[in-house]
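Heads up, the thing below is written out as structure tokens.
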């Protein structure tokens, strides 16, 4: 167990800052949706962007569900220390890269060649892998430092959730490998991944209540 004699900060300020980062990141995603420009061709141009919509939805779900799990964890944290803040910043850094990855995927689908699409989806998958691992690391540290929690008795339930969420890293790994064969199928897998997080979160909530 990690202990400290120094005064620790309240978690509300860290959560408020994090919420702001998530809000900005999820808002930036819409900038990758482009309005049609061809006169009399609005419908065809909108339909032609369907792969961009897939990327937008996948990115929106990734950020949205990460925010939900982040909120669920921080509502149980009473205090934060320097290490927890640093790990939280790493997760925010990776979350803020999701709009960039979605933009790369969008551009590759609209005007890139197949090789560009492979690179774009592989990049999205790598960021998703890193985001999953950063969340696992953050959850693990909270469990190993129960004095940060409002109720340390919740550690076993959080540990069960973390072990389940470890499997969430495998879909983006599979998507990364599949990107070199079928970028679109790999993108679909990345879109389904957040649903795994959501199911895990709901199970955790039921287990803790």
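The values are calculated or read from the model by the stated rules, or taken from the named source; none is laboratory data. Computed from a prediction, not measured in an experiment: that's the story for all the values here. A quick note on method: Cβ atoms are made from the backbone with ideal geometry, for glycine too, and the neighbour counts reach across all protein chains shown.
Some points to look at:
- Residue 173 being over 23 Å from residue 100 (Cα atoms) and modelled with pLDDT of 85 or more: no
- The range 166-199, subset touching a residue at least 60 places away in the same chain (Cβ under 8 Å), under 14 Å from the mean Cα position of the chain (by Cα) and surrounded by 14 or more Cβ atoms within 10 Å (Cβ to Cβ), residue nearest to residue 119 (Cα to Cα): 190
- Qualifying residue in the range 30-47 (condition: surrounded by fewer than 19 Cβ atoms within 10 Å (Cβ to Cβ), modelled with pLDDT of 85 or more and at negative phi): yes
- Residues that are within 21 Å of residue 85 (Cβ to Cβ) and surrounded by fewer than 18 Cβ atoms within 10 Å (Cβ to Cβ) within the range 155-165 comprise just one, 155.
- The listed residues are 17, 60, 22, and the only one of them that is surrounded by fewer than 18 Cβ atoms within 10 Å (Cβ to Cβ) and in a helix (DSSP H, G or I) turns out to be 17.
- Scan of the range 78-112 for residues that are within 19 Å of residue 147 (Cα to Cα), more than 20 Å from the chain's Cα centre (by Cα) and touching a residue at least 24 places away in the same chain (Cβ under 8 Å), ordered by number: 78, 79, 80, 81, 83
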